[in-house]
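Report on one structure; see the data block that follows.
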Amino acid sequence: MTLAELRVGQKAVIEALQGSDSVTQRLMEMGLLKGETVELLGIAPLGDPLEVRLGSYRLSLRKAEASRVLVTTLRD
Amino acid sequence: MQNLTAKSGSASAVKEVVIALVGNPNTGKTTLFNALSGLRQRVGNYPGVTVERKVGRFQWGGVSFQLIDLPGTYSLTPRSPDEMVAVDVLLGLQPGEKRPDVILSIADASNLERNLYLTTQLMEVGIPVVLALNMTDLAEAQGRIYDPAKLQERLGIPVVALQAHRGIGLDALRNVLAQTSSPPRAGVHFPEIVEREAQQLAAYLREGLGSARGRETLDPSSARFLALRLFFDQNGYTEKALRNRLGEDLAGMLREARARLDAAGYPVPATEAQLRYAWIKDRLRDCYSEAPRPARDWTDTLDRILTHRVWGMAIFLIIMFLVFQAIFTGAQPLMEGIILAQSFVADFVRNSLPPGPLRGLISDGIIEGVGSVLVFLPQIVILFGFIAILEDCGYMARAAYLMDKIMARCGLSGKSFIPLLSCFACAIPGIMATRVIEDRRDRLATILVAPLMSCSARLPVYVLMTSAFIPTDTWLGPWLPGLVLFCMYLIGLIVAPLVAWLLKRSLLRGETPIFLMELPAYKWPSPGMVVYRMYDRGKAFVVRAGTIILATMIVVWALLYFPVEGTDETGAPINFDLRLAELETTQAELEDQLQDLQTVGDLSLEAAQKMALLEEKVHAIQDEAAHLQGSWKRQSILGRMGRAVEPAVVSLGWDWRIAMAVLASFPAREVVVGTLGVIYDAGSDVDETSPSLQAQLKAARWGPDSPLAGEPVFTVATALSLMVFFALCCQCASTLAVIRRETNSWLWPLFTFAYMTGLAYVGALVVFQTAKLLGC
């Protein structure tokens, strides 16, 4: 599944990022890398973008970009 | 300090260490910049781009420092000319700019891993790097206490712990800056094959660029840095910029090199991010200890409310309403004060100088011009006060988060919302506020549509036209004028998104910028920072846009003043300025006599008759003055221009006098009301609610040469056409001056003026012709 499909409050581990263009490059620069843990903190009231916890900070990105991030959910 | 370069030759040679300040957004970079350089700052623009060039100076330990503030960024991966500036400055390739001696890399300690990504890139530039570890208090509150000494040892660069907003650690930082002279010992280690490819490409670059530039060759570390950027940034700006200089071979070379890297198991772009983050994690491992974490994170709690579906939106709307109300009405008393002071000074000049071009230039050109610059200051300062508070406390990012979906529909992002909202009060502060938008194309699109929002300067035009010409006796009763006014505001709201959408698909087409935004932890805004932002933006406006506005005002004044000699109603030659001055003196004398009579309090019939006679004379003089002013302005250069364009505007329902008033309102839309007053002989002291002006407009008839001769000029259709024109046009020299300043180019203000005037013309044409068909 992708980061865009997580439920609010769910945690997941990043498996891979799709694409090799500058969009993917920017996602990686911000720390969205294989093996990192992400948590979906919220979805904006109008349905987009998302608020994600990544390491020690909060990142907001749109579903279009989040769907490039393949994840496996964590149970806890 | 072998690295310090002395200005050679002169006996008074001053050593100046150039420091480049670089960091992620939200790291307290501006706070540190101000703390180090105080208010000794100079703001300018880098040529050809929209990036502000900000330089501060300070002295420490007998050394002079020059501090260059580079735009906040998450990486040195240029994707536009604007982002290339930072790279060019750091490599010493920026024309006219000395290469920095030291890079000051500021990082947010509460999120150090991601902040160090940029630092690892800076460490490869080839000049000394100092790490300012800022917000250590916040990191501690979140559970991490860093050991700066250990960090320094592990990273291989000097590290200073800071709390810039409290001024803690600044002296230590200044000492380190004065002593640092050697480039970083080590950095991220790239695999053998990457290094080999980079060395080959670097050699090619040094040869190609060295000969092309005809002066000193690129130093090895700069060449290696550029080579890495060329490998890793597919379709990046570095490649575009260098392809122009090195030829098309470069693209083929890069494609082959990337294929070789990929074959060796190092795909682009993943390799770079993975290697850097792996290095950072490894270095940080034993540099901190865990601190007790509070059970509850304030930011989590606040975010749950402030981004809530119901409460979050409600609070957002309340905050936006407050901001808007403050610029719209809060600035009013200050603006009125400025206008009052301006007319006081202008009167003083009028009374102390003899009539003539000089008096006119000073009182109606320069003082009016200065006043019209200063009058924007309250709105700018208030808006930037709010923006500074919202940004400093972390709410600005939430506002963009909440509004992104709406703005995304027309190709913009949530960051455009507050600038555009501010434009309903005034486009000037709104356009200046677009600096919060990092993406260049998004920012340009926002700037270009900003003047379409119905600002407060349009209101006088709307009010004059609706109250004089929109009937209240239809089946809609008293609601019709209000409805018309509402529609005028709606025009901007409908047209602006359409234009933005079109621009993003035509002129400003390009890769869709992605919306990736950090949501910083909430904190109390620092009052010093808020005051600084208000001062800084106010000054930037007055100094850099003010001159253009002033010049425009003087030009329009001259077009209305000359020729000062013309003919009166009987065809006799007359000097309008002198004749008006005479009338003014006579009127003042008569009014004095009247005053005297009133003070005496003589109640006799004779005295009453005398007073009535005097009053009559005063009225007669006022009428004559109004007529004289009217014919002066009608015979002026601008009046002739109005006649010249009449054929083009007849289809909008305008006669040449309306055309002239519209031309005269180029400096500012609201000027049209006063100009209509003068050329329709209602005198110069009218405003949009004056009954005399409304009566004169209703009485105006088409001239004898027109096929409509004798018909009223102003009908409902004409009024609507004029309102729609003003809703869409860019008759505002100040807006154009600010666009010039913010885009650092004349192209964009010219484009804005042209497209908006075109839109306004077509809009007015359609509305007038439709209304006429409907019999209005």
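What follows draws every value from the coordinates through simple rules; no lab data is involved. The structure presented is a predicted model; accordingly, all values stated were derived computationally and were not measured. Reconstructed Cβ throughout: ideal geometry from the backbone, glycine too, with neighbour counts over all protein chains shown.
Sequence gap at least 6, Cα distance under 8 Å: using those rules, report the relative contact order of chain B to the nearest whole percent.
Values: 1149 pairs, mean separation 74.0, N = 776.
That works out to 10 percent.
In deg cm²/dmol and to the nearest 500, what is the mean residue ellipticity at 222 nm of the protein assembly as shown if only DSSP H runs of at least 4 residues count, each as -39500 (n - 2.57), divided by the residue total? Could the numbers behind the result be given before it?
Values: 36 runs with 471 residues, N = 852.
The per-residue figure over the protein assembly as shown is -17500 deg cm²/dmol.
If you count, for every residue in A:12-21, the Cβ atoms of partner chains within 10 Å of its Cβ, what is the mean? Spell out each step's value before the answer.
On the way: counts 0, 0, 0, 0, 1, 3, 0, 1, 7, 4.
The mean count of partner-chain Cβ atoms within 10 Å per residue comes to 2.
Mind jotting down the distance between the C-alpha centroids of the range B:430-444 and the range B:388-408, whole Å?
The distance from the Cα centre of the range B:388-408 to that of the range B:430-444 comes to 14 Å.
Provide a whole-number value for the mean count of partner chain Cβ atoms within 10 Å of the Cβ atoms in peptide B:354-363. Each step should come with its number before you reach the end.
On the way: counts 0, 0, 0, 0, 0, 0, 0, 0, 0, 0.
Counting other chains' Cβ atoms within 10 Å and averaging over B:354-363 gives 0.
Based on the Cβ-Cβ distance from B:Asn45 to B:His619, what FRET efficiency comes out when R0 is 51 Å, to the nearest 0.05? Write out the running numbers ahead of the final one.
Values: r = 55 Å, r/R0 = 1.08.
Working from the Cβ atoms, E equals 0.40.
Could you order peptides B:555-565, B:396-406, B:702-712 by the average number of other Cβ atoms within 10 Å of their residues, highest first?
Details: B:555-565: 17.6, B:396-406: 22.6, B:702-712: 11.1.
Most protected by this proxy first, the peptides run B:396-406, B:555-565, B:702-712.
Among the GluC sites (Glu not before Pro) in the range B:122-218, which ones are in a DSSP loop with at most 10 other Cβ atoms within 10 Å of the Cβ? Mind listing them?
B:Glu216
So for each of B:350-356, B:529-535 I average, over its residues, the number of other beta carbons within 10 Å; can you give me the resulting order with the highest mean first?
Working: B:350-356: 12.9, B:529-535: 17.4.
By packing density, highest mean first, the sequence is B:529-535, B:350-356.
Relative contact order of the range B:192-265: what whole-number percent is it, with Cα pairs under 8 angstrom and at least 6 residues apart? Don't skip to the answer; put the middle values down first.
Values: 50 pairs, mean separation 21.8, N = 74.
For the range B:192-265, the relative contact order is 29 percent.
Just tell me which lysines come within less than 19 Å, Cα to Cα, of B:Lys54; anything on the same chain fewer than 8 places away is out.
B:Lys29, B:Lys98, B:Lys539
Using modelled amide H (1.01 Å from N, peptide plane; none on Pro or chain starts), what sits under 5 Å from the amide H of B:Ala161, excluding residues fewer than 5 places away?
B:Leu133
Below 27 Å, Cα to Cα, which lysines can B:Lys405 reach? Residues fewer than 8 away in the same chain don't count.
A:Lys11, A:Lys63, B:Lys415, B:Lys504, B:Lys523
Counting other C-beta atoms within 10 Å, which of B:Val63, B:Val543 has the fewest, and how do the rest follow?
Numbers: B:Val63 17, B:Val543 11.
By the 10 Å Cβ count, ascending: B:Val543, B:Val63.
Give me the Kirkwood hydrodynamic radius of the range B:16-179 in Å, from all C-alpha pairs, to one decimal place? Mind dumping the intermediate values first?
Details: mean 1/r = 0.0630 Å⁻¹.
So the Kirkwood estimate lands at 15.9 Å.
Within the range B:489-520, which trypsin sites (Lys or Arg not before Pro) sit in a loop by DSSP and count at most 15 neighbouring Cβ atoms inside 10 Å?
Details: sites: B:Lys504, B:Arg505, B:Arg509; in loops: B:Arg509.
Those that pass, being in a loop and sparsely packed, are B:Arg509.
Let's test this: bin the Cα-Cα distances of the protein assembly as shown at 10 Å from zero up to the farthest pair and state each bin's percent.
2, 11, 19, 21, 17, 12, 9, 6, 2, 1, 0, 0
Which values, in whole Å and largest first, are the semi-axes of the equivalent ellipsoid of the range B:192-265 obtained as the square root of 5 times each eigenvalue of the Cα gyration tensor?
On the way: eigenvalues 82, 39, 18 Å².
They are 20, 14, 9 Å, listed largest first.
Looking at the square roots a ≥ b ≥ c of the eigenvalues of the Cα gyration tensor of the range B:419-473, which shape do they give, rounded for a/c under 1.5, prolate if a/b is larger than b/c, or oblate?
Values: a/c = 4.77, a/b = 3.40, b/c = 1.40.
Here the range B:419-473 falls in the prolate category.
Per residue, what volume in Å³ does the Cα convex hull of chain A take up?
Values: hull volume 6.0 nm³, N = 76.
Normalising the Cα hull of chain A by residue number yields 79 Å³.
For helix B:440-449, report the angle its Cα long axis makes with the longest principal axis of the Cα atoms of chain B; keep it between 0 and 90° and round to the nearest 10°.
With both axes taken from Cα atoms, the answer is about 10 degrees.
For the range B:131-181 and the range B:705-776, what is the centre-to-centre distance using only Cα atoms, to the nearest Å?
57 Å
Counting alpha carbon pairs within less than 8 Å and at least 6 residues apart, what relative contact order, in whole percent, applies to the range A:3-74?
Working: 137 pairs, mean separation 31.5, N = 72.
Reported relative contact order: 44 percent.
Under the rule a/c < 1.5 gives rounded, and otherwise a/b versus b/c splits prolate from oblate, where does the range B:669-731 land using the Cα gyration tensor? Spell out each step's value before the answer.
Values: a/c = 1.91, a/b = 1.17, b/c = 1.64.
Note, shape of the range B:669-731 comes out oblate.
Would you please put B:79-90, B:323-334, B:308-319 in order of how densely packed they are, using the mean number of other Cβ atoms within 10 angstrom per residue and starting with the highest? Provide the component values of the computation, followed by the final result.
Working: B:79-90: 21.4, B:323-334: 16.8, B:308-319: 14.2.
My ranking of the peptides, most packed first, is B:79-90, B:323-334, B:308-319.
Given R₀ = 45 Å, what would the calculated FRET efficiency be for A:Lys11 paired with B:Ser352, taking r from the Cβ atoms and rounding to 0.05?
On the way: r = 77 Å, r/R0 = 1.71.
Efficiency computed from Cβ-Cβ geometry: 0.05.
Let me see the P(r) profile for the range B:563-635: every Cα-Cα distance counted, bins of 5 Å, each bin given as a percent of all pairs.
Cα pair-distance distribution for the range B:563-635, in percent: 3, 16, 22, 18, 13, 10, 8, 6, 4, 1.
Check B:Ala668: other-chain or 5+ apart residues with amide H under 5 Å from its amide H, H built from backbone geometry?
Amide H neighbours of B:Ala668: B:Ala733.
About the Cα centre of the range A:3-74, how large is the charge dipole given +1 on each Lys and Arg Cβ and -1 on each Asp and Glu Cβ? Please answer in debye to the nearest 20.
On the way: 9 positive and 9 negative charges, 23 e Å.
Using only the charged Cβ atoms, the result is roughly 100 debye.
Give a residue-ordered list of calculated ³J(HN,Hα) values for the range B:560-576 (Karplus: 6.51 cos²θ - 1.76 cosθ + 1.60, θ = phi - 60°; whole Hz; x for Gly, Pro).
Taking θ as phi minus 60°, the curve returns 8, 8, 9, x, 7, 9, x, 10, 8, 4, 8, x, 7, x, 8, 9, 4 Hz for the range B:560-576.
Mind checking the mean number of beta-carbon atoms from other chains within 10 Å of the Cβ atoms in A:40-51?
Numbers: counts 0, 5, 8, 2, 12, 12, 10, 1, 6, 11, 1, 7.
Average neighbour count from other chains, rounded to a whole number: 6.
If I take all pairs of Cα atoms in chain B, what percentage of them are more than 43 Å from each other? Let's see the in-between values first.
Working: 124946 of 300700 pairs.
For chain B, the share of Cα pairs beyond 43 Å comes to 42 percent.
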